[in-house]
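The values are calculated or read from the model by the stated rules, or taken from the named source; none is laboratory data. None of the values given here were measured: they were computed from a predicted structure. Methodologically, a virtual Cβ is constructed for each residue, glycine included, from the backbone with ideal geometry; neighbour enumeration extends over all protein chains shown. Ligands, DNA and RNA are excluded from the accessible area calculation, which covers all protein heavy atoms including side chains. Shrake-Rupley method; radii C 1.70, N 1.55, O 1.52, S 1.80 Å.
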Amino acid sequence: MTNPPFLLLHHIGSADVPSDNSAVFELRSPTDGSLVGHVSRGAAIDVDRAVASARAAFDAWSTTPAPVRGEILFRAATLLEARKDTIAAVMAKEMGKRLEEARGDIQEAIDTAFYAGSEGRRLFGRTAPSELRDKMGFTLRRPIGVVGVITAWNFPVAVPSWKILPALVCGNTIVWKPAEEAPASGALFAQALWDAGLPPGVLNIVHGLGEEVGAAIVAHPDTQVLAFTGSTSVGRSIAETGGRLLKRISLEMGGKNPVIVMPDADLGLAIDGVLWGAFGTAGQRCTATSRLIVVGDAHSRMIGDLVERAKSMRLGDPMDSTTEVGPLVSEAQRARVHGFVERAIADGTTLRCGGRIPTDASLGGGWFYPATILDEVVRGSELAMSEVFGPVLAVIRADSFDEAIEIANEVPYGLSSSIYTRDINQAIRAVHRLQSGITYVNAPTIGAEAHFPFGGVKDTGNGHREGGWAPYDFFTELKTVYIDYSGALQRAQIDNRDD
Ligand code: NAD
């Protein structure tokens, strides 16, 4: 499957299978439009088969000791390490991520596999003293059932691993729909789990489109848990449908992440961080820096160098190690990004660099877009408020620390944020006041580590976290156990203080 063009099938039970109606869709490289492969286009009937397979596997998997489940994850991590370059090449080909970053995407899954595998020996419950004599109470964690996983294309391996690996070690079974733009690297990630000994039916994949396969997973009565990463609009619709069915739902959605630069900051460091945060992965990260809020004269002292550095960023093939900005994922995505830029310019915003669709023949007709900086962006304007998801940085001026925090917080999203300052008091005040699930001090808005919780507030999330120790609450049901070893009827809550 690693050599294009390939045919990517669903994986249900122990077999790779086509869609019930044999439908497929084309997967083309965003770098040059070449055919990467054909992918099975699933429908509700394929989801039914996959959910039935996951249900059938649940009893045996959920009663497998958690440390044994964890050992499979350790073996998968080792296989992923050995296959990292191969999977990274497929990822770069299918969705345009630079090879170095694609390796990092897979490394995140490897780290998560080791972390989640070791959680098999923890999955702690709690104990507390009973209010009665000769009685004890404690909690333990129970697997829930079938988890429906729906993921975005921009982290085709890392983000699914944050959901799938904790869900597995907790004893659940899974039906996963990878993003239609990047299904092949995800399938290779799953292959490592199957090759590591994951029993048939425990992890099933149905490829296809969101409105077809994704919607069927959401509406299926037997997917008790839904774990989604993607846009806020789709997340909201999943919450509506899944909420009516009383499902447990975790949503990781969009961002509009600010970097605040104070006048006392190390401006060279801030420029390095803003360039990496705004233009790494061509700005197609949920945590990408999309707003630079510059306080006072930091603006005049940094904007020139920032723009010069952005102008020199090299667009090109993600497989070429000298490339700094790869292509956008699709023609539609590039048109959307360019639309934001054109409307901002029409509104009077100053274009400092980029902002034009490249025409050089060397870029081979791929969906490239240059590093773009728009200055003097007006608070409350479309570019100041909406997620662009491309290499576009909106620069907004502020007169004070308080105003910068106010600007940072006035968007509907709240994923990541950052402040550059040498003033420790101000940094810590910002940590408390910035409305986001993640805040960096003197570092860019991107760079999550696998062993820390990840997620956002406001329209970015619905209160859950992935990464680190956080997802094990989400993927288990707590059971409270009381054991009365008094040999007599003891009644809690009433008349138990007589003796
Ligand atoms: P998207 O919402 O269009 O698609 C995400 C997934 O949902 C895809 O697999 C898609 O097929 C599926 N889907 C689409 N419509 C559906 C429906 N009606 N029912 C069920 N599933 C459906 O998002 P995208 O454009 O692929 O990804 C970009 C978005 O993802 C950005 O907003 C980005 O910020 C966000 N994202 C968030 C995080 C995070 O952790 N917060 C991480 C990565 C990406």
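Which of the residues belonging to segment 218-240 are among the polar types (S, T, N, Q) and more than 8 Å from the ligand (Cβ to nearest atom)?
In the first step, residues of segment 218-240 are kept if they are among the polar types (S, T, N, Q); the result is 223-224, 229, 231-233, 237.
Answer for segment 218-240, where residues must be among the polar types (S, T, N, Q) and more than 8 Å from the ligand (Cβ to nearest atom): Thr223, Gln224.
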Turns out the helices (runs of 4 or more DSSP H) fully within segment 392-475 with at least 3 residues that are surrounded by fewer than 22 Cβ atoms within 10 Å (Cβ to Cβ) and over 18 Å from the mean Cα position of the chain (by Cα) are 401-409, 424-433
By residue number, the members of segment 3-51 that are under 24 Å from the mean Cα position of the chain (by Cα) and among the hydroxyl-bearing types (Ser, Thr, Tyr) are Ser29, Thr31, Ser40
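Does Val175 satisfy being open to solvent by 30 Å² or more (accessible area, probe 1.4 Å) and outside any loop (DSSP other than H, G, I, E, B)? Break it down into steps so the answer makes sense when it comes.
Working: open to solvent by 30 Å² or more (accessible area, probe 1.4 Å): no; outside any loop (DSSP other than H, G, I, E, B): yes.
When the stated conditions are applied, Val175 does not pass them.
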Query raised in the report: Would it be correct to say that Leu269 is more than 11 Å from the ligand (Cβ to nearest atom), open to solvent by less than 10 Å² (accessible area, probe 1.4 Å) and of a type outside the set (Gly, Ala, Ser)?
Result: no
* Somewhere in segment 353-361, is a residue in a strand (DSSP E or B) and surrounded by fewer than 23 Cβ atoms within 10 Å (Cβ to Cβ)? -> yes
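One residue is enough: does segment 129-151 have a residue meeting the conditions part of a helix (DSSP H, G or I), under 27 Å from Pro4 (Cα atoms), open to solvent by 10 Å² or more (accessible area, probe 1.4 Å) and within 16 Å of the ligand (Cβ to nearest atom)? Can you show your working first?
First, the residues of segment 129-151 that are part of a helix (DSSP H, G or I): none.
No - not one qualifying residue is present in segment 129-151.
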Exactly one of Glu71, Glu101 is of a type in the set (D, E, K, R), open to solvent by less than 70 Å² (accessible area, probe 1.4 Å), in a helix (DSSP H, G or I) and in the same structural domain as Glu181 (by TED's automatic domain parsing), and that one is Glu101
Checked Trp162, Trp176 against criteria (at negative phi, within 16 Å of the ligand (Cβ to nearest atom), aromatic (Phe, Trp, Tyr) and over 14 Å from the mean Cα position of the chain (by Cα)); the one match is Trp176
